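Here is the structure we will look at.
The values are calculated or read from the model by the stated rules, or taken from the named source; none is laboratory data. Predicted model, so just to flag it, every value in this text is computed and none were measured. So basically every Cβ, Gly included, is an ideal-geometry build from the backbone, and we count neighbours across all protein chains shown. All accessible areas refer to the heavy atoms of the entire protein, side chains included, with ligands and DNA or RNA removed. Shrake-Rupley method; radii C 1.70, N 1.55, O 1.52, S 1.80 Å.
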Amino acid sequence: MSVAVLLLLLGLGFVEADGRCHFNRTQEYCVCYHLSQETIGSLIQCLAASVVEFRGGELERYVAFPISDLDPSTIEMLGSLAIRKIILGDLLVPEILLARVLRFFSYTKVEELVFESCIFEGRGNWEEMANQDLPILSLRFHNVTSAPLTGREKDFSHLSSWLGTLQELAVTASRVTSLPCGIGKMFGALRSLDVAQNSLGDESLVSAFCSGAFPQLQVLSLRHNHLRSYHRLCESVQPLHGLQHLDLSQNKLMADPSSSCQWPASLRIFNLSDTGLDEVLAPLPPGLEVLDVSCNHLHVVDISLRSLKKLFLSQNMLRAVPSIRNYPMLDTLHLDNNQMTELPWDEVKHLQDVSAAGNPFNCSCSGARGLQALAATGHLGQGWPQDYTCHSPPDYQGRLVEEVPVSVLRCNSAAVIAPICVALALLGLAGAVWLVRSRPGLLRPCCRV
């Protein structure tokens, strides 16, 4: 196999510093660090891997590297390789070189391509990719630097044949400020879009999710961006009629109680954790199954969702458990680190997963007994028993709830003493009857003199 083919196939991992490849046969994972012309032979062992990772170096010196069409035998060899995923990290990538190389992936079975901590330099000529299909279904960028996407619609149009089949796209921690409408329309089959940890604002989402953009999108993560308006967010994602999972966590949202915006009815999983909310605003999608509003400032949760199965309320300011009757399908309830003093056993005993660690529990008989009974069923989540401590009464303050005695004699002495008293009374009556029957003379009337 020629050096050129190795260079093209294995992610351009051909750089200046000396290094070698290391193959983990058990995991079918091969990692190469700073390959040079002297150590490129170690690439051969990577051909048996399913995942190949390259770390470090620059590719600028290979911009003028001659790249010609592949002969039939080389194409056949590429199609026989087991490599399914290629990871490129810590690289300076000239876009003009990437544009010339990407088309050769059509001869492979690579399904996932990842760029981590890379810098994309310049602009490439993507005309050679026109009408070119690739087997890559998942494309991920993390902590990358490149030219802004605005004004690149023509470049992306040459990739539309491939982008129209892409199913997963992630561009995270890459300082993205906009997603042009025209580019979004090219992702006709995209199911999952992750743009977490970027600089997207409320205005940028209006164009990003314009009519016709991402028509098949089901999973969307906007976590940790610069989003502020709860109402504008709702309006922005309304065109995504097939959206099922929406993550808005770690955005400081300002809620408008008068807003009547309807979130997509298709939504099933909604993450609003750590968004600064002090109330859960209605309306919510009627078919919602998972709602995460943990790490907020909620004092009460007064909503009704008959289809809800999992509710996450940890790290709020709740003093009482929300009415479980409002969620007849609920099986998971997390209430860690709130201000609740008691967990009502009768309401939560049917749930499969309950978690309430870090609350200031009142270890009265009913409070301690309920938690201990719930733990005995195996449905109390992580944190039991070490994170369940008593806040009151004073005699048990600081003790583990598990250690609080809840015997009947301590917690309901009347229930023990009353039967004993009744038993003693009956025993006394039985003794009196026996005494009378055994000594009839005791009941004879006295004779007068």
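Brief remarks follow.
- Scanning region 400-424 for residues that are open to solvent by less than 90 Å² (accessible area, probe 1.4 Å) and modelled with pLDDT of 90 or more, we see that the one that is nearest to M340 (Cα to Cα) is V401.
- Of all residues in region 216-237, those being open to solvent by 70 Å² or more (accessible area, probe 1.4 Å) and part of a loop (DSSP other than H, G, I, E, B) number 3.
- Filtered by the rule that a residue be outside any loop (DSSP other than H, G, I, E, B) and in contact (Cβ under 8 Å) with a residue 40 or more places away in the chain, region 195-215 gives no residues.
- Strands (runs of 3 or more DSSP E) fully within region 1-91 that include at least 3 residues being at pLDDT below 70 and open to solvent by 50 Å² or more (accessible area, probe 1.4 Å): none found.
- The strands (runs of 3 or more DSSP E) found wholly in region 279-340 and carrying at least 2 residues that are modelled with pLDDT of 95 or more and touching a Ser or Thr at 6+ places or on another chain (Cβ under 6 Å) occupy 310-312.
- Scanning region 107-132 for residues that are open to solvent by 60 Å² or more (accessible area, probe 1.4 Å), out of contact with any Ser or Thr (no Cβ under 7 Å at 6 or more places or on another chain) and either among the charged types (D, E, K, R) or closer than 16 Å to P94 by Cβ (or both) yields K109, E121, R123, N125, E127, E128.
- For the residues F187, F209, F156, the requirement of being of a type in the set (F, W, Y), touching a Phe, Trp or Tyr at 6+ places or on another chain (Cβ under 7 Å) and crowded, with 16+ Cβ neighbours inside 10 Å singles out F187.
- Test set (1) in contact (Cβ under 8 Å) with a residue 24 or more places away in the chain; (2) under 29 Å from Q218 (Cα atoms); (3) among the small types (G, A, S) - G370 fails condition number: (2)
- Residues satisfying the stated conditions in region 159-176, i.e. modelled with pLDDT under 95 and either open to solvent by 40 Å² or more (accessible area, probe 1.4 Å) or acidic (D, E) (or both): S160
- Taken together, the residues in region 94-144 that are in contact with a Leu (Cβ under 7 Å, 6 or more places away or on another chain), of a type in the set (S, T, N, Q) and without any contact (Cβ under 8 Å) to a residue 40 or more places away in the chain amount to 1.
- Here the condition is being without any contact (Cβ under 8 Å) to a residue 40 or more places away in the chain and within 23 Å of the chain's Cα centre (by Cα); of V290, V321, it holds for V290 alone.
- Here region 300-341 is the region considered, the condition is being hydroxyl-bearing (S, T, Y) and farther than 15 Å from S355 by Cα, and the residue that is least open to solvent (accessible area, probe 1.4 Å) is Y327.
- Single residue of R123, R140 found to be of a type outside the set (G, A, S) and closer than 29 Å to V51 by Cβ: R140
- The residues in region 243-273 that are within 24 Å of K309 (Cβ to Cβ) and either open to solvent by 50 Å² or more (accessible area, probe 1.4 Å) or not in a loop (DSSP other than H, G, I, E, B) (or both) can be counted, and the count is 11.
- Scanning region 372-395 for residues that are in contact with an Asp or Glu (Cβ under 8 Å, 6 or more places away or on another chain), open to solvent by less than 30 Å² (accessible area, probe 1.4 Å) and either modelled with pLDDT of 90 or more or of a type in the set (A, V, I, L, M) (or both) yields A375, G383, Y388.
- Per the listing L179, L139, L240, the residue uniquely open to solvent by less than 40 Å² (accessible area, probe 1.4 Å), closer than 28 Å to R268 by Cβ and not in a loop (DSSP other than H, G, I, E, B) is L139.
- Just one of the numbered conditions (1) basic (K, R); (2) within 20 Å of E95 (Cβ to Cβ); (3) over 21 Å from the mean Cα position of the chain (by Cα) is not true of K185: (2).
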